[in-house]
Number of protein chains: 2
Amino acid sequence: MSTVSLDRSTVERIVREIVLRHGGGPSSAPNLVMSISARHVHLTDEHVEALFGPGAKLTPGKPLYQDGFYAAEETVMVVGPRRRMLPTVRVLGPTRPFSQVELAFTDTISLGIDAPVRPSGKIDGTPGCVLVGPKGVVELTQGVIRAERHVHMNLEHAAYYGVKNGDRMSLRIESSCTTTFEDLLVRADKTSKLEVHIDTDEGNAADLDHAKSVKLIRQK
Amino acid sequence: MSTVSLDRSTVERIVREIVLRHGGGPSSAPNLVMSISARHVHLTDEHVEALFGPGAKLTPGKPLYQDGFYAAEETVMVVGPRRRMLPTVRVLGPTRPFSQVELAFTDTISLGIDAPVRPSGKIDGTPGCVLVGPKGVVELTQGVIRAERHVHMNLEHAAYYGVKNGDRMSLRIESSCTTTFEDLLVRADKTSKLEVHIDTDEGNAADLDHAKSVKLIRQK
């Protein structure tokens, strides 16, 4: 009955992937991978060393769907104001130029942090937190966000859907809790695989685990 | 940094109420109250005594929006299989003919319980759990559900929206995370106030706390 055991099931859900065929689309419709991102942390090289010891590097664990990205073996404790904390938050690799903590609103409410919805990397003016690792502590002055829902795709997928990088799409999930999420940010480039990223609040609200179909829809 | 402190902020959110005017509707549009139900428990008289002692009755605390209902002062621990638990789950009153535990999927995943989406009271065949109170323990053989999203209204509201008891409506929440929830169950009777009930996963997915507008829409 420890806090850690409460948390583990969520940690194990880091970026689960669910593949569902489009309903009623043409047979050329690309396979859409739905990924639910549980709370996680991105770190700089410097912060990896501060938290895990001099010379430490991330240890790649489970590969993520997008090539080159992975869940690291390492986890950190995320501490908010008034010393509320999440004990075991997964680090994703590779390292980045800025450290960033991505939480669902259910998490930010638990921590007492008023985090805004931001696309990854747009962390100016966001709240900070304290990260605790086995070998040290880092105080982030900013970087706590709820990641904006988005869809990765390559340029062929973008042409298929009639969208371009930076556009917005809607995502309808048909389930026992049918839900349409609007304004998914399109992140299109030459090499990305087709993949939607939503967070645990969104996945749970729509009961994505038991979804009958999902559909990406171009917005007017 | 105790488990209880992590949990308290959620407990305090029990059935928060947010009033938002309909956007663009006629001036006669009724005020729509949006309530986010955090995890909670309904108990029988017998289970109140088993958990809180012989002769115990619920102590009414904060009144809920619907007349006659209240958050009780009492809380229980909800224990799932493998001894994962939620330490402080609010009891709502008055007592009922059957005990029932209403959780968000984020909670059921933490507990390791595979709860179905059900309208309140339809608990046949649902999983059980153990409830722990200060004076005793109750093993529920069934009753753990995710409450189906729904809207209470009186017959005048139903006429305004062109729906009847048992129909389904959609709810569009416009925010930084604009979301449309389909298939809200209409629960219309002579006396209910107009009020939508969604759970914490749904409220957080749609960022209801910062919503610009909400709109109830009749489904085809």
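The values are calculated or read from the model by the stated rules, or taken from the named source; none is laboratory data. Quick caveat, the model's predicted, so the values are computed rather than measured. Here Cβ is always computed from backbone atoms with ideal geometry, including for glycine, and neighbour counts include all displayed protein chains. Each accessible area value is taken on the protein alone, full model and side chains, heavy atoms only, with ligands, DNA and RNA left out. Shrake-Rupley method; radii C 1.70, N 1.55, O 1.52, S 1.80 Å.
Across region B:21-125, the convex hull enclosing all Cα atoms gives 144 Å³ per residue.
Histogrammed with a bin width of 10 Å, the alpha carbon distances of region B:66-220 distribute as 10, 34, 35, 18, 3, 0 percent, first bin at zero.
Rounded to the nearest 10 degrees, the angle from helix A:3-12 to the longest Cα principal axis of chain A is 40 degrees.
The residues of region B:151-178 listed by number as losing at least 10 Å² of accessible area in the complex, against the isolated chain and with a 1.4 Å probe, are B:Arg172, B:Ser176, B:Cys177, B:Thr178. A Förster radius of 22 Å, combined with the Cβ-Cβ distance separating A:Asp124 from A:Asp45, puts the computed FRET efficiency at roughly 0.55.
Take the accessible area of A alone and of B alone, subtract that of the pair with a 1.4 Å probe, and the total buried over both chains is about 3200 Å². Take the alpha carbon atoms of region A:171-202, find their center, do the same for region A:121-137, and report the distance between the two centers in whole angstrom. Each part reduced to its Cα centre gives a spacing of 27 Å. Contact-buried residues of region A:55-96, at a threshold of 30 Å² lost accessible area versus the chain by itself: A:Arg83, A:Arg84, A:Met85 (1.4 Å probe; DNA, RNA and ligands ignored). Once both labels are positioned 7 Å from their Cα atoms along Cα-to-Cβ, the gap between A:Arg83 and B:Leu155 label points is 5.8 nm.
Summary for A:Asp189: label point 7 Å along Cα→Cβ; distances to the equivalent points in the other copies, ascending, 5.7 nm. Take each residue of peptide B:129-137, count the partner chain Cβ atoms within 10 Å of its Cβ, and average: the result is 0. The mean number of partner chain beta-carbon atoms within 10 angstrom of a residue's beta-carbon across peptide B:106-118 is 3. Diffusion coefficient (Stokes-Einstein, Kirkwood radius over C-alpha pairs, 25 °C, 0.890 mPa s) for the protein assembly as shown: 107 µm²/s, rounded to a whole number.
Packing around the peptides A:105-115, A:69-79, A:207-217, taken as the average count of other Cβ atoms within 10 Å per residue, puts them in this order, highest first: A:105-115, A:69-79, A:207-217.
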